1. Using the structure shown, decide if residue 15 is within 30 Å of the chain's Cα centre (by Cα) and in a loop (DSSP other than H, G, I, E, B).
2. If only one of 47, 57 is touching a strand residue (DSSP E or B) at 6+ places or on another chain (Cβ under 7 Å) and over 15 Å from residue 7 (Cβ atoms), which one is it?
3. Inspect all residues belonging to the range 41-52 and state whether any of them is in a helix (DSSP H, G or I), surrounded by 18 or more Cβ atoms within 10 Å (Cβ to Cβ) and touching a residue at least 12 places away in the same chain (Cβ under 8 Å).
Ligand SMILES: [Zn+2]
Ligand SMILES: [Zn+2]
């Protein structure tokens, strides 16, 4: 309404230069979606929220919309995009999964250092029953994020912290089994130091490896929700010898 030239420019950028005189009802779904993007462009917003931007689009229009969004991202706009399509999600720098409206247990990809700290603390707190001090690497941060908490004067995992640590331990130990079995790779001295199996692939890797109960160091691998049952997953050490 205030700047026709700017509006026309935004519509041209999304490939609708030939449609300037059309009514919304005369545009296809893909074109309407591109108008939405043009509208988002006008104010140069630093943040764009896109709820299923490719939801009802055919493959061609999906590609057009995604390349427009990628272009916006290149120009410095931050995009928060909701999608059910894993191939769309895979294009994001960061993926946050929701399950039934709640943050899925899980992690930010690339957050290897946090993963390593969680694995370390899991060993100390849950397996070796040792205490940790607040001065230890990462502990203060995890307390601040409520992944750890004080109970009876001792530092321990919160439920959320425990869930994240179990997932991190599982992925790190599966990676050890994977490397040891498939590459006959020499064992690292310390457990949990291998780069973990990528988040989201642990179930496939676990199944591929026949749901190993322990890592090459003999430490138990926590089962996932879809592992075939507790029989396979008890730590093997006690009864086998
Ligand atoms: Zn290990
Ligand atoms: Zn499994």
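FYI, it's all coordinate maths here, none of it is from the lab. The shown structure was predicted, so the numbers you read here are calculated from the model rather than taken from an experiment. Quick reminder, even Gly has a Cβ in these numbers, built from the backbone with ideal geometry, and neighbours come from all protein chains shown.
1. Details: within 30 Å of the chain's Cα centre (by Cα): no; in a loop (DSSP other than H, G, I, E, B): yes.
Taking the combined requirement at face value, the residue does not satisfy it.
2. 47
3. yes
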